[in-house]
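The values are calculated or read from the model by the stated rules, or taken from the named source; none is laboratory data. Because the structure is a prediction, the values reported are computed rather than measured. Note that each Cβ is placed from the backbone with ideal geometry, even for glycine, and that neighbours are counted across all protein chains shown.
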């Protein structure tokens, strides 16, 4: 019956599939197609197909074709796989210690060679790694970890949540302790990498440090000098100083037992504080009456307000700069001597601030006006100030904005 159907359908007898009742025979081609990629280790020939060099290379395409079930012709051969290299230059690993220069095949080097703790340099032994460290550390730490510090600074600048957190800490630190920097410390490069990847959640606990408390031995003389310069010159109303330190653990190049040392790699920068903390430009509060274009501006404190505490002096100093800046006047740039005297007053170097009179130019009107700065005003002197003139504006600088 089956032969009749084959003849009617035009099928050759050999193409007919076996009936269910017939015993199933193993099909070598099917078994061969279902091989896993692990079979390549045993069934691939040892002779090369390119160049006749007795070496065998497996590429991603070869493995992918095998997994998809394509036929791969096999020939008998040993059931072991040899690892080879294209050239001597790429197949051998050389010890980076110049006085050693030992080479080893890649597969052997992966088992016995040692790597630098901070980069990809490889050495044939721990002894070579220790011996080369004194020379290698200059480029290893300050290139890799120094670049990581700069990435941390860039992340703080670009991430609004982190910048707001740092800015708030800087503002509170300045008002309570004076000029200084926000220090962000990472106990390992891995923690710094996590902060760069995740942001504020991995920042840790930054601290505010007054500039006299900075340690030159912690960061080196060059960075210490730069950090001091930034701390003494930044505008606390709009800027902050961020100091990033990453701790790196490395081997000490000594004989005998293995010893470890900790070294800090640091960077610093001056950043603009978060916009949410910059006070908007507003009309100054007058004690007497409003005046759109005053000829005389008096910056003083109300009677009864003590200027003995450092916080009160810092508030007065901040308000003096803010009110003058609204008229386009920068004390630090236009009147540096007065600015330095106020800094000494805030830091406590001088007990009292002698009233001073300056004649700046209002950038809006283009006219000069007289400004009297007297944060330590005495009640007797305040009584001498005019209170009924429309050309005089008196501003209380003791109120925290």
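Looking only at the stretch 85-107, count how many residues are modelled with pLDDT under 85, part of a loop (DSSP other than H, G, I, E, B) and surrounded by 14 or more Cβ atoms within 10 Å (Cβ to Cβ).
Number of matching residues: 1.
What's the number of the condition residue 140 fails, among (1) under 22 Å from residue 214 (Cα atoms); (2) in a helix (DSSP H, G or I)?
(1)
Do we have residue 212 as over 24 Å from residue 144 (Cα atoms) and free of Cβ contacts under 8 Å to residues at least 24 places away in the same chain here?
On the way: over 24 Å from residue 144 (Cα atoms): yes; free of Cβ contacts under 8 Å to residues at least 24 places away in the same chain: yes.
Considered against the rule, which asks whether it is over 24 Å from residue 144 (Cα atoms) and free of Cβ contacts under 8 Å to residues at least 24 places away in the same chain, residue 212 comes out as yes.
For residues in the stretch 374-401 being closer than 17 Å to residue 295 by Cβ and buried (at least 16 other Cβ atoms within 10 Å of the Cβ), which is modelled with the lowest pLDDT? It would help to see each step written out before you state the result.
Taking the stretch 374-401 first, the residues closer than 17 Å to residue 295 by Cβ are 385-395.
Applying the additional criterion that residues be buried (at least 16 other Cβ atoms within 10 Å of the Cβ) yields 385, 392-395.
Numbers: 385: 62, 392: 81, 393: 83, 394: 83, 395: 85.
Filtering first and then ranking leaves 385.
For the stretch 326-373, what are the residues that are loosely packed, with under 14 Cβ neighbours inside 10 Å and in contact (Cβ under 8 Å) with a residue 60 or more places away in the chain?
365, 367
Looking at the stretch 271-304, which of its residues are farther than 22 Å from residue 171 by Cα, in contact with a strand residue (DSSP E or B) (Cβ under 7 Å, 6 or more places away or on another chain), surrounded by fewer than 18 Cβ atoms within 10 Å (Cβ to Cβ) and at pLDDT 55 or above?
Correct list: 295, 296, 302.
Mind telling me which of the residues 307, 321 ends up being surrounded by 12 or more Cβ atoms within 10 Å (Cβ to Cβ) and either farther than 27 Å from residue 169 by Cβ or at pLDDT 90 or above (or both)? Steps first, please.
Numbers: 307 fails: either farther than 27 Å from residue 169 by Cβ or at pLDDT 90 or above (or both).
On inspection, the qualifying residue turns out to be 321.
With the structure loaded, tell me whether residue 110 is touching a residue at least 12 places away in the same chain (Cβ under 8 Å), outside any strand (DSSP E or B) and outside the structural domain of residue 188 (by TED's automatic domain parsing) or whether it fails that test. If you could, list the steps in order and put the result at the bottom.
On the way: touching a residue at least 12 places away in the same chain (Cβ under 8 Å): no; outside any strand (DSSP E or B): yes; outside the structural domain of residue 188 (by TED's automatic domain parsing): yes.
No: the conditions fail for residue 110.
Select the helices (runs of 4 or more DSSP H) contained entirely in the stretch 145-224, then report the ones holding at least 1 residues which are under 16 Å from residue 247 (Cβ atoms) and touching a helix residue (DSSP H, G or I) at 6+ places or on another chain (Cβ under 8 Å).
Working: elements: 146-158, 160-177, 189-198, 216-219.
Correct list: 146-158, 189-198, 216-219.
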